Structures are given as C-alpha cells and as structure tokens.
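Where a number appears in this text, it was derived from the coordinates with a stated rule and is not lab data. Treat the numbers as computed from the prediction; the structure is a model and nothing was measured. In this analysis, Cβ positions are derived from the backbone assuming ideal geometry, glycine residues included, and neighbour counts consider all displayed protein chains.
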Amino acid sequence: MSRFSSFSKFAAPRRPQAVSELLGRTDAFAALRAGVEQISALERDLAQLLPDYLSANVEPGFIKDGALTLFAAHSALAARLRQVEPRLLSELQQRGWPVRTLAIKVRPRPMAEPPAPKQARMTPAGAAALQALSRTLAPSPLQAALAKMAARHGKPVDQND
C-alpha cells in the first residue's frame, strides 16, 4: 500500500489540456504564447518559401530589432541560406514580417541513432533447402557461402555427404 493512497481517493481525475488553453490563463504567459505563435507562423512561411531540404533543416528564432535569426543544421545549409538571403528577406517582408535583416547561425542537431542492424531469420525449411543445395554444388566460393549460411540458420552441413 502506498503512503499516498489515502490522498489519492480525494483527488479528482485530471483531463488533458491543450497548451494554448494553459498559456491563455494568465497574463504572465501571454508573451510566451505570442512568441510560440510567431515562431509557428514563421515555420509555416519558411516551409512555403524554402526548398524542402532547407526548410526541414532550418529553425527560425525570434525577431529582435528587425533582425530574424535562422538556425541551420550545418554550415553547408547556412551557406545556401546566405545565397538565397536577399530573395527570402524580400518575400518575408511581402508577407508582412517586420524583418530588415537575417542573421544566419549554425546550430548542429544531435546525431540520430543509427538504425539497428537487420537480423535475418530463416525458417527451418529454408535452412534445409540451403543445405540440400550446398550438397549438390561442387566445392566453390558459392558452395562455401551457402553451407555457412545454412549452418548459421539451421543444422551444420556435412561437407562429405
């Protein structure tokens, strides 16, 4: 029995709440909500204005004193962003963003976990078929590879059969 069990019977069950609902409750969160909405809208516009390979690897920052900071995943993307900077700045201004300059910075992302190595599985019937095939072949690299594969997935192949 938990030492908190006597308290839990009095607590009302909580329902999940949307973040926007929580941020709208107090004035203290109003600025945070406005910032989140601004970044969200900027991400949508950047996704429309930039090619897919750029928009997937660029994150907008806040607009401060007319300067929008864009964070690129690596230096090659930052260099490409600098090439399209005049066009991007003009298109953002046409969409109503109060931006006079872009500051492009590199913010490396953590490396993704490599995918797990494949674990091939063979049925006993498949292993037996490989064994039978390896017995019919003359000694060769193919015969040795089939015998090794059959041994790994089934009973060892007798080379003298």
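Given the peptides 93-102, 112-121, arrange them by the average over their residues of other C-beta atoms within 10 Å, most packed first.
Values: 93-102: 12.6, 112-121: 6.2.
Result, highest mean Cβ count within 10 Å first: 93-102, 112-121.
Given only helices, namely DSSP H runs of n ≥ 4 each adding -39500 (n - 2.57), what is the per-residue ellipticity at 222 nm of the chain, to the nearest 500 deg cm²/dmol?
-15000 deg cm²/dmol
With axes computed from alpha carbons, what is the tilt in degrees of helix 141-153 against the longest principal axis of the chain, rounded to the nearest 10 within 0 to 90?
The angle comes out near 70 degrees.
Rank these for me by crowding, Met149, Met122, Met111, going from fewest to most other beta carbons within 10 Å.
Met111, Met122, Met149
With unit charges on the beta carbons (Lys and Arg positive, Asp and Glu negative) and the dipole taken about the Cα centre of the chain, which residue among Thr101, Val36, Leu22 sits farthest to the positive side?
So the residue we want is Leu22.
Which value results when the Cα radius of gyration for segment 49-161 is divided by 2.2 N^0.38 Å?
Values: Rg = 29.0 Å, N = 113, 2.2 N^0.38 = 13.3 Å.
My calculation over the Cα atoms of segment 49-161 gives 2.19.
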